[in-house]
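S.K.: My questions all concern the structure below.
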Amino acid sequence: MTERTVLLLSGPNLNLLGEREPEVYGRTTLDELVLAARAVAEEHGCGLEHLQSNHEGVLVDAVHAARGQHAAIIVNAGALTHYGWSLHDALAAFDGVIVELHLSNPQRRESWRSTSVIAPVADGVIAGFGADGYPMAVRSALRLLERRS
């Protein structure tokens with residue numbers, strides 16, 4: 001396993017960040033969020049790879065490929081958070097750190113968003129901090145990795 005690499009996964013519609021519902025998600029683009037996360041990872045001597053897909057199977061395949069290759073996965077699964085059981089199962093088979101990430105706070109939104117199928121297999125959840133959540137997620141994942149070593 002590459003001890004110091006993190007895989008950042010972005011689910012459906014996150015490619016529209018900065019344009020889609022800026023009152024909920026902010027005006028920061030996905031590329032800007034990834035750059036902020038990567039900067040924090042690099043400050044800590046860690047690599048960060050990113051994948052965005054609007055297709056659950058692509059994300060599942062990425063989690064499978066991460067086994068033995070990445071020490072941690074940070075996942076903003078978008079709407080898949082609430083019904084993506086195949087993503088849940090793939091993450092459950094990953095033996096590294098898993099951090100669930102959301103720009104908004106799902107608990108303050110529509111009732112269907114309050115259930116996460118990702119949370120039961122995640123080591124932690126970061127939600128509601130907007131763009132600040134991405135650097136927080138990287139720092140949190142790295143701290144969790146330190147505790148495991």
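S.K.: Looking at the range 4-25, which of its residues are buried (at least 17 other Cβ atoms within 10 Å of the Cβ) and not in a helix (DSSP H, G or I)?
M.R.: The answer is T5, V6, L7, L8, L9, S10, G11, P12, L17.
S.K.: Additional query: Which one is surrounded by the most Cβ atoms within 10 Å (Cβ to Cβ), of the residues in the range 32-54 that are touching a Gly at 6+ places or on another chain (Cβ under 9 Å) and under 23 Å from A90 (Cα atoms)?
M.R.: Step by step, filter the range 32-54, then rank; the result is Q52.
S.K.: Run H102 past the list (1) at pLDDT 95 or above; (2) in contact with a strand residue (DSSP E or B) (Cβ under 6 Å, 6 or more places away or on another chain); (3) closer than 24 Å to L145 by Cβ and report the number of the one that doesn't hold.
M.R.: (1)
S.K.: Hey, among H82, H102, which residue is surrounded by 23 or more Cβ atoms within 10 Å (Cβ to Cβ), in contact (Cβ under 8 Å) with a residue 24 or more places away in the chain and within 15 Å of P12 (Cβ to Cβ)?
M.R.: Among H82, H102, only H102 is surrounded by 23 or more Cβ atoms within 10 Å (Cβ to Cβ), in contact (Cβ under 8 Å) with a residue 24 or more places away in the chain and within 15 Å of P12 (Cβ to Cβ).
S.K.: For the range 60-68, does any single residue satisfy the condition of being among the small types (G, A, S), touching a residue at least 60 places away in the same chain (Cβ under 8 Å), at positive phi and surrounded by fewer than 17 Cβ atoms within 10 Å (Cβ to Cβ)? Even if it seems obvious, please write down each step before you answer.
M.R.: Of the residues in the range 60-68, the ones among the small types (G, A, S) are 62, 65-66, 68.
Going one step further and asking which of them are touching a residue at least 60 places away in the same chain (Cβ under 8 Å), we end up with 68.
Add one more test, that the residue is at positive phi, and what stays is 68.
Those left that are additionally surrounded by fewer than 17 Cβ atoms within 10 Å (Cβ to Cβ): 68.
The answer is yes, given that some residue of the range 60-68 is among the small types (G, A, S), touching a residue at least 60 places away in the same chain (Cβ under 8 Å), at positive phi and surrounded by fewer than 17 Cβ atoms within 10 Å (Cβ to Cβ).
S.K.: Kindly evaluate R67 against the criterion of being more than 15 Å from the chain's Cα centre (by Cα), modelled with pLDDT under 95 and among the basic types (K, R).
M.R.: no
S.K.: A further question follows. Of the numbered conditions (1) under 16 Å from Y134 (Cα atoms); (2) at pLDDT 95 or above; (3) of a type in the set (V, I, T); (4) in contact with a helix residue (DSSP H, G or I) (Cβ under 7 Å, 6 or more places away or on another chain), T28 fails exactly one; give the number of that condition.
M.R.: Going through the list (1) under 16 Å from Y134 (Cα atoms); (2) at pLDDT 95 or above; (3) of a type in the set (V, I, T); (4) in contact with a helix residue (DSSP H, G or I) (Cβ under 7 Å, 6 or more places away or on another chain), T28 breaks only (2).
S.K.: Still on this structure, please answer the following. Here are T29, T115: which of them is without any contact (Cβ under 8 Å) to a residue 60 or more places away in the chain, within 13 Å of S10 (Cβ to Cβ), polar (S, T, N, Q) and surrounded by fewer than 19 Cβ atoms within 10 Å (Cβ to Cβ)?
M.R.: One residue alone meets the criteria, T29.
The values are calculated or read from the model by the stated rules, or taken from the named source; none is laboratory data. Quick caveat: nothing in here was measured; it's all calculated off a predicted structure. When we count neighbours, we look across all protein chains shown, and the Cβ atoms used for this are built from the backbone with ideal geometry, even at glycine.
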